[in-house]
Amino acid sequence: MSVNLLEVQNVKKYFPITAGLMLKTVGNVKAVDEVTLTLKEGETLGIVGESGCGKSTLGRMIMRVLDTTEGKIIFNGQDITNLEGKKLRRIRSQFQMIFQDPYSSLNPKMSVEQIITEPFYVNGIASLKEAKKKVGPLLTRVGLKESDRTRFPHEFSGGQRQRIGIARALALNPKLIVADEAVSALDVSVQSQILNLMMELKEEFDLSYIFISHNLAVVKHISDRVGVMYLGNLVEIGDKDELYQNPFHPYTKALLSSAPEPKRNVKKEKIILQGEVPSPANPPTGCPFHTRCPKVMDVCKEIRPVLKEVNPHYSVACHLYQ
Amino acid sequence: MSEPLLSIRNLKTYFSRKGKEVRAVDGIDLDVFPGQIVCIVGESGSGKSITSLSVMQLIPKPAGKIVDGEILFEGTDLLKLNERQISDIRGNEISMIFQEPMTSLNPVLTIGDQISEVLLRHRSITKRKALERAVEMLQFVGVPRANEIIKEYPHQLSGGLRQRVMIAMAMACEPKLLIADEPTTALDVTIQAQVLELMKKMRDQFNSSIVMITHDLGVVAEIADHVVVMYAGQVVESADADSIFEDTLHPYTQALLASIPSIEETKDVLYSIPGTVPDASDFPIGCRFAGRCEKVQSSCLEKMPELRVVKPGHFVRCDLV
């Protein structure tokens with residue numbers, strides 16, 4: 001339980017902005033700007049933040065779908081930051097991804113059986129015959145019927161498609177699953193089915209999750225620890241109960257206070273932030289949140305706060321707690 | 001109590017698809033009083049958006065058709081008006097905002113042109129006056145640099161700003177009724193909080209009634225005076241917002257509330273409603289939720305329950321309550 005399955009060290013992702021005929025780089029979109037985190041075996045780490053905070057980019061770098069600009073990603077003790085080709089493929093069978101949109105993440109021309117057997121032969125793990133044998137049990141495990149193997153994605157509802165995506169991710173018996181907004185496109189009644197399924201599978205298959213979502217309640221439900229991102233930075237990370245009950249960072253406080261709860265007469269004090277998230281192509285100097293922070297001080301405008309432990313295993317990047 | 005501003009009676013909007021009749025909205029009753037915020041909640045396919053499009057008479061034709069019912073707006077049946085009369089009302093006395101502000105704004109017109117278009121259509125004012133009014137409205141909805149923004153195009157604005165522009169446009173003629181279809185679904189929570197505040201401000205300022213369509217029960221709890229829960233083209237529960245959340249009566253509403261994770265309390269396992277919504281071209285004879293209901297009795301499968309008063313002002317479509 002105490003082994004670090006994943007370590008992300010000072011990872012950055014800059015997308016260059018090019019202009020002119022020679023595509024000269026004129027600036028950078030700082031999608032992820034120095035994020036460090038660890039994931040223990042068997043743990044679920046939730047990553048929350050609003051659109052453009054870099055949470056998906058972070059997930060895709062962990063999956064090695066995107067290359068990092070700087071920093072290191074260590075999976076199971078092995079530095080995978082620069083692995084390529086066969087070596088990458090071999091280790092990638094141990095970490096898989098579930099996507100947001102169950103409509104565009106499944107190939108419409110492939111049958112369910114083809115979708116689920118593809119990971120086996122892409123990774124050269126099993127023959128097609130062996131792989132086909134595994135389809136049935138996987139489908140029943142995620143709540144579909146064995147006979148569904150011959151059907152095509154368009155014949156399924158959104159929730160069922162997400163189950164197919166989960167079956168595909170589980171096929172190679174991975175250790176880590178990165179779920180990027182896996183339930184965001186689903187209706188609430190279906191959302192709860194998928195969340196429950198993911199939590200059962202975690203126990204059954206000894207999985208660890210990185211669960212990326214903008215939905216604070218969903219993240220709280222599924223995670224052990226939660227990290228909050230803002231404009232490419234991790235601003236707060238720690239145990240979920242602590243974070244939800246007693247957030248430190250002014251952004252986390254505002255975020256939690258503005259999430260509507262399905263309850264009446266809970267008079268919680270709303271912190272309504274002014275303005276919008278600045279552009280990651282031109283982030284503010286100092287603390288990325290200082291332009292909207294209700295507790296902004298002079299120092300915030302100049303020096304960027306670093307993530308600092310305020311309690312055991314609980315870190316915040318804010319000058320109020322430095 | 002005063003007269004309702006909008007009163008929908010037994011509205012039925014059907015679509016035909018591959019020769020089958022799809023009963024998207026199947027006998028809805030709904031009252032909206034002046035200054036009231038009514039939320040229509042339901043999952044995809046429950047008919048909530050089609051209800052609102054029916055009021056605006058924006059149902060895609062010829063596939064869709066309002067086959068029965070009345071939509072009374074200040075006593076006049078909108079369904080009996082001709083196209084000319086309805087477009088005098090649309091955007092003027094009743095206006096609408098949509099979920100995706102990018103697709104509902106015209107990409108080739110400036111913001112100023114789009115807002116003033118509404119005013120020029122419905123008010124006899126000059127273009128210059130209309131633009132002045134547009135700036136005023138933008139300032140009112142909290143758009144910074146309103147003077148410059150009227151010269152910009154939708155793609156230059158962020159999602160939150162676009163939604164404010166939509167609201168400014170919808171409110172330009174100070175409509176008596178604003179219909180908002182998932183107005184905050186595409187927005188981030190901090191921006192959503194801003195937009196919800198703004199909608200309350202609109203109601204207070206202009207005494208407009210708002211019909212808000214949403215799938216998010218959190219938003220409902222935040223803003224609604226009255227709540228209508230829809231399932232499979234029908235109203236299953238209708239009551240004031242406090243009763244819906246604190247004295248939930250219909251098994252579907254109860255199940256919905258139990259399946260949402262909460263920030264404030266910890267639920268170990270979420271309730272999950274088994275199965276899926278029935279096909280709108282092939283509804284069962286009995287209660288439409290029966291197939292997924294925990295409390296189902298054999299009588300539920302045989303007879304469709306009526307929407308009836310259980311407590312004052314609290315309507316439920318379930319015979320077991």
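Modelled spin labels at A:Ile17 and B:Thr126, positioned 7 Å past Cα toward Cβ, are 4.0 nm from each other. Fewest neighbouring Cβ atoms within 10 Å first, the residues B:Ser116, B:Ser54, A:Ser51 line up as A:Ser51, B:Ser54, B:Ser116. Neighbour counts of C-beta atoms inside 10 Å place B:Ile210, B:Ile89, A:Ile17, A:Ile91 in the sequence A:Ile17, A:Ile91, B:Ile89, B:Ile210, starting with the fewest.
Across peptide B:266-279, the mean count of Cβ atoms from other chains lying within 10 Å of each residue's own Cβ comes to 5.
Among A:Lys55/A:Lys175; A:Lys86/A:Lys175; A:Lys220/A:Lys295; A:Lys40/A:Lys129; A:Lys129/B:Lys18, which pairs are too far apart, with a Cα-Cα distance over 30 Å? Result: A:Lys40/A:Lys129; A:Lys129/B:Lys18 exceed 30 Å. Per the Kirkwood formula applied to alpha carbons, chain B shows a radius of gyration over Rh ratio, Rg over Rh, of 0.98. Placing R0 at 22 angstrom, the Cβ-Cβ distance between B:Ser281 and B:Glu306 gives a FRET efficiency of 0.45 after rounding to 0.05. Rounded to the nearest 20 debye, the dipole magnitude of chain A is 600 debye, with +1 charges on Lys and Arg beta carbons, -1 on Asp and Glu beta carbons, and the Cα centre as origin. Quick one: Debye curve from the C-alpha atoms of the stretch B:101-172, no solvent, what's log10 I(q)/I(0) at q = 0.20 Å⁻¹? With no solvent term, the Cα-only Debye profile gives -0.71.
The distance separating the Cα centre of the stretch B:89-133 from that of the stretch B:261-321 comes to 41 Å.
Gain on full extension, evaluated as 0.36 nm per residue between A:Ile74 and A:His313 minus their Cα-Cα distance, stands at 84.1 nm. Legend note: in chain A, cysteines whose Cβ sits 4.7 Å or more from every other cysteine Cβ are A:Cys53, A:Cys293, A:Cys318. By the Cα gyration tensor, the stretch A:112-172 has an equivalent ellipsoid whose semi-axes, rounded to whole angstrom, run 19, 11, 10 from largest to smallest.
Neighbour counting of Cβ atoms within 10 Å sorts the residues A:Arg92, B:Arg145, B:Arg164, B:Arg84, fewest neighbours leading, into B:Arg84, B:Arg145, A:Arg92, B:Arg164. Computed over the Cα atoms of the stretch B:55-203, the ratio of the radius of gyration to the Kirkwood radius (Rg/Rh) comes to 0.98.
Think of each Lys and Arg Cβ as +1 and each Asp and Glu Cβ as -1; about the Cα centre, that makes the dipole of the protein assembly as shown roughly 1800 debye. The simple Förster model, with R0 at 60 Å and r as the Cβ-Cβ distance, assigns B:Gln205 and A:Glu7 a FRET efficiency of 0.65. Summing Lys and Arg as +1 and Asp and Glu as -1 over all other residues whose Cβ lies under 13 Å from the Cβ of A:Asp239 gives a net charge of -2. In this simple spin-label approximation, B:Glu100 and B:Glu136 carry label points 7 Å from Cα along the Cα→Cβ vector, and these lie 3.4 nm apart.
Over chain A, the ratio between the Cα radius of gyration and 2.2 N^0.38 Å evaluates to 1.05.
Percent of Cα pairs in the stretch B:48-141 per distance bin of 10 Å, from zero to the largest separation: 13, 39, 33, 15, 1. Only helices enter the 222 nm calculation for chain A: every DSSP H run of n ≥ 4 contributes -39,500 (n - 2.57), and dividing by all residues gives -8500 deg cm²/dmol, rounded to 500. When you work out D = kT/(6 pi eta Rh) for the stretch B:209-285 at 10 °C and 1.306 mPa s, using the Kirkwood radius from C-alpha pairs as Rh and the Stokes-Einstein form, the result is 114 µm²/s. Ordered from longest to shortest, the equivalent ellipsoid semi-axes for the stretch B:1-94 are 23, 17, 11 Å, each the square root of 5 times a Cα gyration tensor eigenvalue. Charges were assigned to the Cβ only: +1 to each Lys and Arg, -1 to each Asp and Glu. The resulting dipole of the stretch B:101-172 about its Cα centre is roughly 160 debye. Partner shielding of A:178-189 amounts to 4, given as the average count of beta-carbon atoms from other chains within 10 Å of each residue beta-carbon. Modelled spin labels at A:Asn123 and B:Leu81, positioned 7 Å past Cα toward Cβ, are 6.1 nm from each other. In whole angstrom, the protein assembly as shown maps to an equivalent ellipsoid with semi-axes of 41, 33, 24, each derived as √(5λ) from the alpha carbon gyration tensor and ordered largest first. Counting only Cα atoms, the size of the stretch A:1-145 along its three principal axes is 52, 45, 32 Å, in decreasing order.
Subtracting the Cα-Cα distance of A:Arg151 and A:Glu269 from 0.36 nm times their residue separation leaves 37.4 nm of extension gain. Helix screen, chain A: DSSP H segments with Cα axial length of 15 Å or more and mean Kyte-Doolittle hydropathy at least -1.0 are A:112-122, A:128-141, A:158-170, A:188-205. Inter-chain Cβ neighbour count for B:190-199, averaged per residue, equals 5 (cutoff 10 Å, partner chain atoms only).
Stretched out straight at 0.36 nm per residue, the stretch from B:Glu74 to B:Lys20 would grow longer than its current Cα-Cα span by 15.9 nm.
A short reminder: the numbers here are calculations on the coordinates, not readings from a lab. Treat the numbers as computed from the prediction; the structure is a model and nothing was measured. Neighbour counts are summed over all protein chains in view; Cβ atoms, including those assigned to glycine, are modelled from backbone coordinates with ideal geometry.
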